[in-house]
Amino acid sequence: MSDLEQVALVYAPTGRDSQIAVSLLKEAGIDSAPVDTMADMAAGLNDDIAFVVVTEETLRSADLRTLAAWVDNQPAWSDLPFIVLTHRGGGPERNPAALRLSEILGNVSFVERPFHATTFISVSRTALRNRLRQYDARLQIEALADGERRLQTALSAGRLGSWELELATGTLSCSNTCKSVFGYSSDARFDYKDLLASVYPDDRPRMQAAVRDTIENGEEYSIEYRTIWPDGSLHWAEIRAQLYRDRHGVAVKMVGVSADITERMQRLEQQRLINETLEMKVAERTAELTTAHKAVMAEVEHREKAEEQLRQALKMEAIGQLTGGVAHDFNNLLMAVMGNLELLGKHAAGDEKAMRLIDGAMKGAKRGASLTQRLLAFARRQDLQVKPVDMRKLVDEMGDLLRKSVGSAIALNYSLADDIPSALGDANQIELALLNLVVNARDATPDGGSISVGLRLGRPDRTTPELTAGDYVVLFVTDTGQGMDSETLKKAIDPFFSTKELGKGTGLGLSMIHGLALQLKGALVLQSTPGCGTTAELWVPVSHSTATPVHEPVDAPKSNGATTQSLKILMVDDDALIAMSSVDMLEDLGHHVVEANSGKQALAILEADQSFDLLVTDFSMPGMNGGELSRKARELIPALPILIATGYADLPEGTGLDVSRLSKPYTQDQLASEIGKVMTQSTGLAPA
């Protein structure tokens, strides 16, 4: 807002005061609006008035109740300045009646008449600067309120309830979603005593101990426990929180979120019951076979092993499907969070504190995105660039990194067979798998020892569900460390299982490598003995084509997000948060965007207007998915460029679409780059 947009009200109905004040304000570059009556002045007051010039004698005998009420009811950011013109000798120091005006009007400056023009202009400009600072405060308050609304929207989308616990008073403040986690309605009373009473009695001591530990040691509060709702039903809640301290380092409150995980715990319980039932049936069948005839024990053992493998495979498949679905949903949530943070960072440029907060939030979101990629790797839904890979060259080029990773206390040896053929895999993912295996070997050898990295040509002794007949390149890592017993070895590739201390690992390293191996039609084979170390083998099928470089050369510089022209884009996503974030990013890039929330709505738009340059659509949508929408859109506009966004690795088989794919979550630069590639392929128009 510029100075010229502000208006000063002038109420000086007698003499030449009004004429002089208006003239001086004009000289100072300030617009003014003279009024003739107190009623006109009161009616003219609003948030856009810069300040008010008024003579003291006009206020002395007037009814000031309307004026006082307006002053009292100003918004929190507003403190409208008043300049009161008094007679010589009638200033506030010698005139108690004038001084009382400060009590009514609040922000008052007194100017004794006759006044010098310089004095009046100086006081007026000071009042204007004061008002402009108030407008700045209003913008900041509105920005904070908008940020709070976005945060609440994100919490609502994730079905997370927010809460705060004041430690000094024990006062609990929580959102309606938080109340619902404990079975309370939004209008019901719910204090800390009610929360404690809701915790299942057997879980209450553990919950209170965790709270004490957080307050005393500052540890992150993270706990799952059972709850009893007011209707008597049993549920599960997951609570996470952090401790906040004042500037003196004194703990003042805990702030956190809560979620209802009843369905998840029920699924786990159902899976446990299924496993128990299956184990019972296996035991019953084994007893029957043993009673019938012991020259058949070998057959029984074989069947037990097969059933164990099947049970393990079914369990891992079920966990993989669940994990992949959860990772996909979190990708969508992270897409909205990262997109909004990226755009917010542009608007907060120059605000050091805001940028620091945004940067912290973005780093947390990126860590979440990295975790979802590991989950997708375990679920065999990550995006792979499968090509012939020179494995010997790959290991050679990682030598320096592996040496730095193991440190000087451990000997790193290599055993690379000659004439190793190319493997059919993803070079980047195999590099990551090798690094994970070497780091695991290092952690298993804390007192020093040796680690061997090797390559050999392998052929399975017998076929398994993972390894079929054929030739494989075997990448192996052997350590002389602690080793694992048979029970630990069985759980080694389970997601989130780890023998490391809390906080030293996610338990996803071997799970990710196992998922990668299966996705490459290979296998991860582990062999270990307590006290004798561990050998991990990654079996990758041999390629019959010439290997490509591990790191392909870059053909062109990355897009900086700018485009040579503004495109007309139809953006389709059934998730309102993601659609809003994506539309904002596209418009920030300079494109004209039309939004649709379903495939049906998108087709209606295309039928009415076929001038769109590009269709950007989510794949997983109810009613009509992105693949079906793309086929129907091409029937309407055969040459329409299409970009499909998805959190999964590949589109389902049978899609048969010649379209580009964008992995979620994506940044604005990635979005701009993919749009540039699509437009280059279809029209020859590329990003600048």
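So in segment 660-687, with the set limited to residues that are of a type in the set (S, T, N, Q) and part of a helix (DSSP H, G or I), which one is modelled with the highest pLDDT? Please lay out each step first, then the result.
To start, the set of residues in segment 660-687 that are of a type in the set (S, T, N, Q) comprises 660, 663, 667-668, 670, 673, 680-683.
Among the residues that remain, those that are also part of a helix (DSSP H, G or I) are: 668, 670, 673, 680-682.
Details: Gln668: 85, Gln670: 84, Ser673: 89, Thr680: 86, Gln681: 82, Ser682: 76.
Only one residue tops the list, namely Ser673.
For (1) at pLDDT 85 or above; (2) under 25 Å from Ser23 (Cα atoms); (3) assigned to a strand (DSSP E or B), each residue gets a yes or a no:
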| residue | (1), (2), (3) |
| --- | --- |
| Leu67 | yes, no, no |
| Ser78 | yes, no, no |
| Leu85 | yes, yes, yes |
| Leu101 | no, no, no |
| Phe110 | yes, yes, yes |
| Phe120 | yes, yes, no |
| Asn130 | yes, yes, no |
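Take segment 253-267 and flag every residue that is outside any loop (DSSP other than H, G, I, E, B) and surrounded by 14 or more Cβ atoms within 10 Å (Cβ to Cβ).
Step one: filter segment 253-267 for residues outside any loop (DSSP other than H, G, I, E, B), giving 253-260, 262-267.
If the condition is that a residue be outside any loop (DSSP other than H, G, I, E, B) and surrounded by 14 or more Cβ atoms within 10 Å (Cβ to Cβ), then Lys253, Met254, Val255, Gly256, Val257, Ser258, Ala259, Asp260, Thr262, Arg264, Met265 are the ones that fit.
Would you pick out the residues in segment 14-28 that are surrounded by fewer than 17 Cβ atoms within 10 Å (Cβ to Cβ) and over 19 Å from Asp48 (Cα atoms)?
Result: Thr14, Gly15, Arg16, Gln19, Ser23, Glu27.
Those residues that are among the basic types (Lys, Arg), modelled with pLDDT of 85 or more and either over 21 Å from Leu662 (Cα atoms) or touching a Gly at 6+ places or on another chain (Cβ under 7 Å) (or both), I need them from segment 375-403; list them, please.
Going residue by residue through segment 375-403, those that are among the basic types (Lys, Arg) are 380-381, 387, 392-393, 403.
Checking which are modelled with pLDDT of 85 or more leaves us with 387, 392-393, 403.
Passing the criteria: Arg392, Lys393, Arg403.
Taking the stated definitions as given, is Lys281 surrounded by 10 or more Cβ atoms within 10 Å (Cβ to Cβ), out of contact with any helix residue (DSSP H, G or I) (no Cβ under 6 Å at 6 or more places or on another chain), of a type in the set (Lys, Arg) and more than 23 Å from Arg189 (Cβ to Cβ)? Break it down stepwise before answering.
On the way: surrounded by 10 or more Cβ atoms within 10 Å (Cβ to Cβ): yes; out of contact with any helix residue (DSSP H, G or I) (no Cβ under 6 Å at 6 or more places or on another chain): yes; of a type in the set (Lys, Arg): yes; more than 23 Å from Arg189 (Cβ to Cβ): yes.
Yes.
The values are calculated or read from the model by the stated rules, or taken from the named source; none is laboratory data. What you see is a predicted model; the values in this text were computed from it and never measured. Positions of Cβ are generated from backbone atoms using ideal geometry, with glycine treated the same way; all protein chains shown enter the neighbour counts.
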